[in-house]
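The values are calculated or read from the model by the stated rules, or taken from the named source; none is laboratory data. Keep in mind the model is a prediction, meaning the values are calculated, not measured. Glycine gets a Cβ as well: all are built from the backbone with ideal geometry, and neighbour counts include every protein chain shown. Only protein heavy atoms, including side chains, enter the accessible area calculation; ligands, DNA and RNA are left aside. Shrake-Rupley method; radii C 1.70, N 1.55, O 1.52, S 1.80 Å.
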Amino acid sequence: MKFVVSSTELLSHLQAVSKVISTKNSMPILDNYLFKLSNGDLTITASDLESTMITSFGLDNADGDGTIAVPAKILNDTLKEFPEQPLSFLIDLDSSMIDILSDSGKFSIPGMNGEDYPVVPSIAENAHTIELNSEILLKGITKTLFATADDELRPVMNGIFIELAENSITFVASDAHKLVRYRRTDVASLAQAGFILPKKPANLIKNIVDKIDSKVILKFDSKNAYVETRGFKLICRLIEGEYPKYENVIPFSSPNKMVVERSSFINTLKRVSVFSSQASNLIKLKISNNLVVVSAQDLDFSISAYERSSCNYEGEDMEIGFKSVFLVEILNNLSGNEVVFEMNDPGRAGIILPVEKYNVHEDVLMLIMPMMVS
């Protein structure tokens, strides 16, 4: 089996799928890529058993069909050092030896029998299927991924809940301290259904669709999800369990509303939070008369700070506390020049929304739980 491939083209495909490979694989063969040559097409597979990523592309110069497992790290490290040039792969399937011929040298790598590579999981024939634009999937994952939890006792919180309705798709993530709901109403589904996407495959999907602008096919059943886009496929195991009723924690109405300039408020929070307690990271917002005073103190080190910022405020005078790192994180993941804080009282969750709506089909809501102000 032999083929000729561009060094940079091969490296770009390998780098896209290499993020699947775990540093602590339970099976030695999972430290390898699976190369499959068939009818002039090269298909490359990487897996950690939980997630499997596949990329394929055509070759102009190829001879023979077959499969072989190729050590991932040594191949990546070698290709990174090549300038753009054609490389010839000569593969002996009987001995599993791989020779790579460049313009000026030869590199030999022992492979493994491709037949020993784990079989790719399959999706049920009656799986839910939807086609959507890559931009929608990218935004849904990007807006919610940061809010997922690391909770061993409640694994359902460790992923993104993707919910399909007749005229919308909703992405939800929460770690019990903050919650993000991103909804699009320009997606149609034949059935109402949902699944919980783990963080690792969510990151993998994000990296793929960030580089393309095309349609994405999304399929899922009770155990696995399948994502296919131009040149790439990903199959991953889903998180089992029922996602909490997230709508129940979102306040129905909030009488107190504060509008602030987003980037300058982030800078104020960052400056003042330096003086907050390292244990609690608590900052206080004292709001009245179109003025918000952001303050923090650390009694252990006898340091404190406050800073005044202008705002547009409608409601009763209020003092409310938040964990500054969560608040900054939320504001960094919102877009637009201005955001609005919607609050009931110091003991209930606050909602943060963008003031400007750049897409009529887009609905972004971020929720943050308050901290007790002494």
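Would you mind finding the one in Phe3, Phe35 that is open to solvent by less than 20 Å² (accessible area, probe 1.4 Å), at pLDDT 95 or above, over 16 Å from Met112 (Cα atoms) and of a type in the set (Phe, Trp, Tyr)?
Values: Phe35 fails: over 16 Å from Met112 (Cα atoms).
Selected residue: Phe3, the only one of Phe3, Phe35 that is open to solvent by less than 20 Å² (accessible area, probe 1.4 Å), at pLDDT 95 or above, over 16 Å from Met112 (Cα atoms) and of a type in the set (Phe, Trp, Tyr).
Taking the range 196-218 as the region of interest, how many residues are more than 11 Å from the chain's Cα centre (by Cα) and either surrounded by fewer than 17 Cβ atoms within 10 Å (Cβ to Cβ) or hydroxyl-bearing (Ser, Thr, Tyr) (or both)? Please lay out each step first, then the result.
Going through the range 196-218, the residues more than 11 Å from the chain's Cα centre (by Cα) turn out to be 196, 211-218.
After this cut, where a residue has to be either surrounded by fewer than 17 Cβ atoms within 10 Å (Cβ to Cβ) or hydroxyl-bearing (Ser, Thr, Tyr) (or both) as well, the list is 211-215, 217.
Here the count works out to 6.
Look at Val156 and say whether it is open to solvent by less than 40 Å² (accessible area, probe 1.4 Å), over 29 Å from Tyr33 (Cβ atoms), in contact (Cβ under 8 Å) with a residue 12 or more places away in the chain and assigned to a strand (DSSP E or B). No: the conditions fail for Val156.
Scanning for something acidic (Asp, Glu), open to solvent by 50 Å² or more (accessible area, probe 1.4 Å) and part of a strand (DSSP E or B), does the range 88-98 turn up at least one residue?
yes
Which pairs turn up if I take residues in the range 346-374 that are more than 22 Å from Ile266 (Cα to Cα) and look for partners that are open to solvent by 60 Å² or more (accessible area, probe 1.4 Å) with beta carbon separation below 6 Å, at least 6 apart in sequence or on another chain? Matching pairs, first to second residue: His361/Thr185; His361/Asp186.
Closer than 20 Å to Val249 by Cβ, surrounded by fewer than 19 Cβ atoms within 10 Å (Cβ to Cβ) and among the β-branched types (Val, Ile, Thr): does that describe Val180? Walk me through how you get there before you give the answer.
On the way: closer than 20 Å to Val249 by Cβ: yes; surrounded by fewer than 19 Cβ atoms within 10 Å (Cβ to Cβ): no; among the β-branched types (Val, Ile, Thr): yes.
So Val180 fails the test.
Only residues that are part of a helix (DSSP H, G or I), of a type in the set (A, V, I, L, M, F, W, C) and modelled with pLDDT of 90 or more were counted across the range 185-209, and they come to 3.
Total residues in the range 231-260 satisfying the condition of being open to solvent by 30 Å² or more (accessible area, probe 1.4 Å) and in contact with a helix residue (DSSP H, G or I) (Cβ under 9 Å, 6 or more places away or on another chain): the figure is 8. Considering only residues in the range 262-294 that are open to solvent by 30 Å² or more (accessible area, probe 1.4 Å) and of a type in the set (Gly, Ala, Ser), the one that is farthest from the chain's Cα centre (by Cα) turns out to be Ser288.
Looking only at residues of the range 99-123 that are closer than 30 Å to Asp221 by Cα and of a type in the set (A, V, I, L, M), we find that the one that is surrounded by the fewest Cβ atoms within 10 Å (Cβ to Cβ) is Val119. Just one residue in the set Ser304, Ser335 is of a type in the set (S, T, N, Q) and not in a loop (DSSP other than H, G, I, E, B); that residue is Ser304.
Within the range 69-77, the presence of a residue that is at pLDDT below 95 and open to solvent by less than 30 Å² (accessible area, probe 1.4 Å) is excluded. The residues of the range 303-323 that are open to solvent by less than 40 Å² (accessible area, probe 1.4 Å) and over 15 Å from Met372 (Cβ atoms), listed by number, are Ala305, Ser309, Cys311, Tyr313.
Regarding Lys143, is this residue under 31 Å from the mean Cα position of the chain (by Cα) and among the basic types (Lys, Arg)? Here the answer is yes, as Lys143 does meet what is asked. Checking each residue in the range 44-58 for being open to solvent by less than 40 Å² (accessible area, probe 1.4 Å) and part of a strand (DSSP E or B) picks out Ile44, Thr45, Ala46, Ser47, Ser51, Thr52, Met53, Ile54, Thr55, Phe57.
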